[in-house]
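Okay, structure first, notes after.
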Amino acid sequence: MPGGVQVKKLPYIESSVFIVPLPDRGYARGVVARTTSKGKILLGYFFGPRLPSNKEVALNDLHPDKSILCVRFGDLGLINGEWLVVGTVPNWKRSEWSMPDFVRRDELSKKAWLVRYSDNDPSQIDEEYPTDFDSELGRDSVSGYGAVELKLAKLLSNPSDLS
């Protein structure tokens, strides 16, 4: 449309499975569990084992209980094509891939808050209230795609253990 703003279609949807290249060799898999029509900040579940290549990526063994990392992250790796979408989770049931609670800590005061995000927008906080400083919930943050690659490489730390 002349003079209008053209909206680019996002390369992913909720349930998209994508592969993440690891900096020290191999690949991991990820699933977009929450997004919005505008993208930007997503909730993703990430999986091992470390894959030797980005060919013939299994989709049917992905379940949130088997994830090694669940994090809010920026979508730039997917937008720029460094993270390749390879399909969708078969028989996707959104309710099984929940938005978890996170914890935000203030190291100085030793106080912590449970942070609950909207189930429909992983960038919108719905609730926040005090919790134990030693809570084992995931840290409230948004990771860039490079940081996610490094976290996954560390979690899958033996690059010779390619499956």
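Observations, loosely collected:
- Pairs are defined by a Cβ separation below 6 Å, a sequence spacing of at least 6 or placement on different chains, a first member in the stretch 115-133 that is touching a residue at least 60 places away in the same chain (Cβ under 8 Å) and open to solvent by less than 90 Å² (accessible area, probe 1.4 Å), and a second member that is polar (S, T, N, Q) and not in a strand (DSSP E or B); the pairs so defined are Asp121/Thr36.
- Exactly one residue out of Leu108, Leu155 is touching a residue at least 60 places away in the same chain (Cβ under 8 Å) and open to solvent by 80 Å² or more (accessible area, probe 1.4 Å), and it is Leu155.
- Of the residues making up the stretch 26-56, those that are in a loop (DSSP other than H, G, I, E, B) and either loosely packed, with under 13 Cβ neighbours inside 10 Å or not charged (D, E, K, R) (or both) are Gly26, Thr35, Thr36, Ser37, Lys38, Gly39, Pro52, Ser53, Asn54, Lys55, Glu56.
- Flag for Leu59 being crowded, with 17+ Cβ neighbours inside 10 Å and part of a loop (DSSP other than H, G, I, E, B): no
- Contacts under 9 angstrom Cβ, first residue in the stretch 45-61 being in contact (Cβ under 8 Å) with a residue 60 or more places away in the chain and within 17 Å of Ala153 (Cβ to Cβ), partner of a type in the set (Lys, Arg) and not in a strand (DSSP E or B), 6 or more apart: Phe46/Lys151; Gly48/Lys66; Arg50/Arg25; Pro52/Arg25
- Scope the stretch 7-24; condition farther than 23 Å from Lys93 by Cβ, in a loop (DSSP other than H, G, I, E, B) and touching a strand residue (DSSP E or B) at 6+ places or on another chain (Cβ under 8 Å); matching residues: Leu22
The values are calculated or read from the model by the stated rules, or taken from the named source; none is laboratory data. Everything numeric in this text was worked out from a predicted model, so none of it was measured. Reconstructed Cβ throughout: ideal geometry from the backbone, glycine too, with neighbour counts over all protein chains shown. Protein only, heavy atoms only, side chains kept; ligands, DNA and RNA dropped before computing areas. Shrake-Rupley method; radii C 1.70, N 1.55, O 1.52, S 1.80 Å.
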